[in-house]
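Working notes for the structure below.
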Amino acid sequence: MKKLIAANWKMHKTQAEAQATAADLITRVPNLPDDREVAIFAPYTALAACVAGLGGREGFATGGQNLYPAEQGAFTGEISAAMLKDCGCSHVLVGHSERRALLRESSAFVGEKAVFALKNGLKVVLCVGETLEERENGKLEAVLREQLEKGLQDVPNNVTADELGIAYEPVWAIGTGKVAGPAEILEAHALIRKLLALRFPIQGNALRILYGGSVKPENTKQILALDNVDGVLVGGASLDAEMLSKIVLS
Ligand code: PEP
């Protein structure tokens, strides 16, 4: 399976900025290595611009940062799978820690989103990860278990590695400049692998596990070389096309 380099632009970039950054990225990566795939998770208003900037280049996809698990209806401020696809999205992020913390999204709700997105033909990256307090209290495994068990409970048993990936993002490493060390990444990814293999006996070993948390050009290669690391999810460093291109080519 290709390594997935995922960019989370969060609440950054106007349409013009998104289009320019995406276009700059593909210029800086004229030949995407065979073992790489890129997905940019842009804000809703910049999705179509990001798609335009990527110009249909193979291996580069656009995704939403969230969706609501219903076809349509009275859900003010929310966005549907059909709307994301209408903008040219093939992917969606669910369960980012900022949404879990700021918008109080539960693991069960994140699971509903994952199921709904998959049913509607979107590829899902489901984020999990512990806070510093949880880690310090020895709750790493319990937190990952709760987030994965509830998040994946109703996901079809035959989901493929192309359709579903998990991003391990320790909350204490997001946007802090504090990257998790190799031992911490190995431990968490091995735990996630074990839980995936239990949940999906056939393809659990094939599903991609991405690491996220202060990834930058200087540390990507080392992180991608670790066992059970099948990609990275990048926030801050993905906003700049030059930095993102270096990460993609690491
Ligand atoms: C993220 O928000 O998904 C993230 C990993 O952010 P950063 O790379 O800035 O830590």
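Odds and ends about this structure:
- Thr131 long-range amide H proximity, modeled H, under 5 Å: Val171
- The mean of 1/r over all distinct Cα pairs in region 1-83, once inverted, gives the Kirkwood hydrodynamic radius of 13.6 Å.
- At full extension, Asp162 and Asn31 could sit 45.0 nm farther apart than now, given 0.36 nm per residue minus the alpha carbon distance.
- Placing +1 on the Cβ of every Lys and Arg and -1 on the Cβ of every Asp and Glu, with nothing else charged, gives the chain a dipole about its Cα centre of roughly 140 debye.
- Kirkwood analysis of the chain, using all unique Cα-Cα pairs, places the hydrodynamic radius at 17.8 Å.
- Extension gain, Glu136 back to Glu78 (0.36 nm per residue minus Cα-Cα distance, nm): 17.4 nm
- Of the cross-linked pairs Lys2/Lys194; Lys119/Lys216; Lys13/Lys216; Lys119/Lys194, those separated by over 30 Å at the C-alpha level are Lys119/Lys216.
- Counting beta carbons within 10 Å around each of Trp9, Trp172 and listing the fewest first gives the order Trp172, Trp9.
- Region 101-177: trypsin sites (Lys or Arg not before Pro) in DSSP loop, at most 16 other beta carbons within 10 Å: Arg104, Lys139
- Around the Cα centre of region 100-143, unit charges on the Cβ atoms of Lys, Arg, Asp and Glu (plus for the first two, minus for the last two) sum to a dipole of about 320 debye.
- Remark: relative contact order (region 196-250) = 34 percent; criterion is Cα-Cα distance under 8 angstrom and separation of 6 or more residues.
- Highest average packing first - 175-187, 71-83, Cβ atoms within 10 Å: 175-187, 71-83
- Annotation for Lys85 and Glu218: the two label points, set 7 Å from Cα along the Cα-Cβ direction, are 4.4 nm apart.
- Other-chain or far-sequence residues with amide H under 5 Å of His96's (modelled H): Cys127
- Descending semi-axes in whole angstrom, ellipsoid equivalent of region 158-250, from the Cα gyration tensor: 24, 14, 11
- Charged neighbours of Val171, selected by a Cβ distance under 10 Å, balance to -3 (K, R count +1; D, E count -1).
Each value in this text was obtained by applying a stated rule to the coordinates, not by laboratory testing. All figures in this text were calculated on a predicted structure; none of them were measured in a lab. Cβ coordinates were reconstructed from backbone atoms using ideal geometry, including for glycine residues, and neighbour counts include every protein chain displayed.
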